[in-house]
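The values are calculated or read from the model by the stated rules, or taken from the named source; none is laboratory data. Not measured: the values here are computed from a predicted model. Here the Cβ is made from the backbone with ideal geometry for all residues, glycine too, and neighbour counts use every protein chain on show. Just the protein is used for accessible areas: all its heavy atoms, side chains included, with ligands, DNA and RNA removed. Shrake-Rupley method; radii C 1.70, N 1.55, O 1.52, S 1.80 Å.
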Amino acid sequence: MIRLCFTPLVLLVACASPKPLAPASKPPAPSIERSKAPEALDSPSDDRLNPHIQPSAYEVRLDLDPRRADYGGQVRIDLELKATTTVIWLHSEAHEIYAHSLTLDGKRIPSTRVARGKPDWLAVRLPKAHGPAKGHLLLQFRGEMTTPLFGMYRTKHAGDWYIYTQFEALGARKAFPCFDEPSFKATFRVQIRTPESDRAFANAPLANKPEIKGGRKNHVFKTTPPLPTYLLALAVGPIDIAHDPKHDLTRADGSQLRIRILTPKGKADLAELALRETKKILVLEEDYFGTPYPFAKLDLVAVPDFAAGAMENPGLITYRDRLLLMDEKTVTQRELMSYANTHAHELAHIWFGDLVTMVWWDDLWLNEAFATWFAAKIVNQYRPDWQIPIERLGGKTWVMDVDSTRASRRIREPIKNRGDILNAFDGITYTKGAAVLHMFERFIGEEAFRNGVRAYLKAHEWGNATFADLVGALATSSGKKSLPQAFGSFIDQAGVPLIDVARPDPTTLKLKQTRWSPLGKTQLDGGPWLLPFCAHSVSTKSTRCTELSKTGELPVDKGAVLPNPAMQSYAVWKLAKTDLETLLKGFAKLSEIDQVAILQNLRKLYRSGDLDPVTISRIMPDLLRSEHDRVIATALSFHGEL
């Protein structure tokens with residue numbers, strides 16, 4: 001997900017009224033009992049699902065009318081009890097459960113009861129202990145769409161009503177009872193009944209042409225691959241489809257992927273640009289991962305009212321409508337960049353997040369940092385004239401301020417409560433995480449990094465994985481045994497390294513690592529980082545690197561030296577005044593990205609009190625000799641802070 005500021009027995013379906021919807025086919029009706037009013041029960045003390053109860057498949061039926069807030073539904077969940085239990089806990093927010101049944105090892109379990117635990121726990125209590133066993137749980141329920149822009153929600157646009165979803169992080173439980181944690185991946189077969197005039201879309205393609213009966217249209221979708229509940233999605237309403245076969249993706253082996261954009265009524269003409277450009281970005285991503293897009297379809301949904309920037313639901317990626325609907329006559333470069341970056345980010349999630357999913361929310365950064373880093377990489381290939389690497393330096397320096405106070409948190413922060421999950425969607429996860437990934441890609445090399453990513457995805461496809469799994473694959477592909485320790489030093493502690501660069505003789509740098517901190521802020525505690533750090537000899541254009549702990553040395557050539565070229569490492573550097581002035585005398589001859597990186601670094605030194613205003617005024621004429629407008633604007637902005 002990207003946030004701009006900056007988810008077999010055919011079942012009976014409960015309608016919005018108590019009368020169930022007739023099934024599309026006619027299997028034997030399940031034995032199901034009317035549920036009594038739920039009793040209260042203490043919810044799990046750790047607010048976590050029982051790992052010994054595992055769902056494997058869902059069949060979800062929903063009876064929806066965008067013009068009504070209330071709806072009915074039924075869910076069957078195939079599950080396995082891997083240990084003995086007397087209660088099955090799952091999530092369900094504010095649903096009225098009016099009928100249920102539990103079958104284990106082919107036998108219906110009589111006298112089961114439903115219970116409620118705060119705030120959104122649902123329990124099915126067994127009369128005695130059962131398990132290990134396999135079976136299925138059947139629940140018929142009623143619900144209401146009352147939360148704006150989250151869960152399954154309604155929105156009115158240009159006089160028409162629509163239903164959309166946003167399930168990440170804890171929204172699926174608002175739509176239907178489920179095991180709503182990312183490690184509980186399962187397949188989904190969805191059926192949606194709507195008014196005849198509406199269309200319905202889900203993650204998978206339609207299994208057949210919708211049947212119309214009595215003014216209602218029944219949409220039956222194919223079964224998805226294993227997904228966590230937060231990636232399930234649907235869209236309902238008078239939706240238009242923008243599609244042109246010439247914009248579909250055709251691969252060298254002859255396989256094809258249909259690409260469509262789903263818009264509010266009357267807006268399909270505005271989707272042409274995004275439709276045309278999508279396959280160009282997707283081709284680059286398939287090439288990097290070495291595997292084709294792994295889902296059966298690719299629909300992009302332009303949502304008129306959407307809280308997130310976009311959401312990576314496989315097969316049904318949702319976007320704020322302005323990111324997909326653009327008038328080619330008036331669209332600006334900034335709008336195109338926003339579209340391309342967001343689109344590349346969400347498509348990256350298809351592999352990193354959807355195909356392989358985090359085990360728990362403490363590894364959210366695996367999804368979001370990777371997609372942020374990867375989007376910049378892909379968009380730079382897609383439109384090198386945009387100079388995305390330079391654009392990203394501003395974000396990196398911004399997050400260093402966020403990352404250097406007592407309130408700062410580590411990237412891989414333990415999740416102690418639900419609030420911690422929501423707090424993890426921030427600049428530390430996205431921007432710092434992306435900067436750290438970029439640093440280690442540069443350290444081990446692009447090819448070794450890509451090979452490690454491919455091995456990681458192959459080993460865990462359709463399952464779950466952790467930070468240790470990723471860094472282990474990268475260490476194997478690169479042969480760098482220290483990588484887990486180095487990576488962990490950035491993932492598991494907050495803060496920014498400050499590297500004091502001394503030059504005892506013309507061919508040696510002595511490096512000392514401390515912590516960078518803004519002036520007046522209490523410095524964070526913690527040990528040193530294992531930091532990949534490079535220095536560039538300007539005259540010979542040679543770059544040498546080291547893996548720096550507290551102190552170290554680096555051989556260099558005579559003449560001016562640029563520490564941390566292009567700001568590749570997540571660190572701030574400090575030179576002696578004479579060495580800094582030597583470097584800046586040739587400032588205008590450096591690359592634009594090095595010029596911007598130097599300016600951002602000087603700004604950090606000023607904010608920490610390591611560079612005084614007198615020195616800044618003395619070196620400013622050198623900074624303003626640049627031929628690049630962006631550099632001059634950055635230098636003037638820096639001078640304006642004095």
Handout entry: From phi via Karplus (6.51, -1.76, 1.60), per-residue ³J(HN,Hα) for the range 517-526 in Hz, x at Gly/Pro
Key = 8, x, 4, x, 9, 5, 6, 5, 7, x
Practice task
Can you tell me the dipole magnitude for the range 136-259 around its Cα centre, using point charges on the Cβ only (Lys, Arg +1; Asp, Glu -1), in Debye to the nearest 20?
Solution key: 320
Exercise for the section: Rounded to the nearest Å, what's the spacing between the alpha carbon centres of the range 207-267 and the range 38-77? Just the number, please. Expected result: 24
Problem - Low-density loop cleavage sites - GluC sites (Glu not before Pro) in the range 554-642, where at most 12 other Cβ are within 10 Å (DSSP) - result: GLU627, GLU641
Handout entry: Order by protection proxy (mean Cβ within 10 Å, highest first), peptides 113-126, 363-376
Key = 363-376, 113-126
Practice task
Filter the trypsin sites (Lys or Arg not before Pro) in the range 192-289 to those in DSSP coil with at most 12 other Cβ atoms within 10 Å of their Cβ, and list the result.
Solution key: ARG251
Practice task
Please work out the average accessible area per residue across the chain, using the 1.4 Å probe convention, and give it in Å².
Solution key: 40
Handout entry: 15 Å tail of the calculated P(r), the range 114-190, as % of Cα pairs
Key = 68
Completion exercise
With the charge dipole of the chain built from beta-carbon charges (+1 for Lys and Arg, -1 for Asp and Glu) about the Cα centre, the Cα from TRP462, SER489, HIS639 projecting farthest to the positive end belongs to TRP462
Exercise for the section: Give the long-range amide H neighbours of THR187: residues separated by 5 or more places, or on another chain, with amide H under 5 Å away, using H modelled in the peptide plane at 1.01 Å from N. Expected result: ALA57, TYR58, LEU227
Exercise for the section: Could you calculate the contour length gain from ASP492 to SER45, that is, 0.36 nm times the residue separation minus the distance between their Cα atoms, to one decimal place in nm? Expected result: 158.3 nm
Completion exercise
Excluding ligands, DNA and RNA, the carbon-plus-sulfur percentage of the accessible area of the range 252-363 with a 1.4 Å probe reads 49
Handout entry: chymotrypsin sites (Phe, Trp or Tyr not before Pro) lying in DSSP loop within the range 459-517, provided at most 15 other Cβ fall within 10 Å
Key = TRP462
Problem - Dipole of the range 260-339, positive direction: furthest Cα of LEU324, GLY266, MET311, with charges on the beta-carbon - result: GLY266
Completion exercise
Mean separation of Cα contacts under 8 Å (at least 6 apart) over the residue count of the range 299-451, i.e. the relative contact order in percent, is 19
Exercise for the section: Subtracting the Cα-Cα distance from 0.36 nm times the residue separation, let me have the gained length for ILE632 to ASP385 in nm, one decimal. Expected result: 87.0 nm
Completion exercise
Output for the chain (equivalent-ellipsoid semi-axes, sqrt of 5λ from the C-alpha gyration tensor, Å, descending) is 51, 28, 21
Handout entry: Dipole magnitude (debye, nearest 20) for the range 477-617, charges at Cβ of Lys, Arg, Asp, Glu
Key = 40
Completion exercise
In debye to the nearest 20, the charge dipole size for the range 283-332, taken about the Cα centre with +1 at each Lys and Arg Cβ and -1 at each Asp and Glu Cβ, equals 140
Completion exercise
Rounded to a whole %, the carbon-and-sulfur portion of the accessible area of the range 161-236 at a 1.4 Å probe is 52
Problem - Average Cα contact separation per residue, the range 539-587, under 8 Å, 6 or more apart, as relative contact order % - result: 32
Practice task
May I ask which residue of LEU599, ALA296, PRO44 lies farthest towards the positive end of the charge dipole of the chain, with charges of +1 (Lys, Arg) and -1 (Asp, Glu) on Cβ and the Cα centre as origin?
Solution key: PRO44
Handout entry: Fraction of accessible area attributable to carbon and sulfur, the range 555-642 (%, probe 1.4 Å)
Key = 54
Handout entry: 5 angstrom amide H check on ARG108, placed H, neighbours 5+ away
Key = none
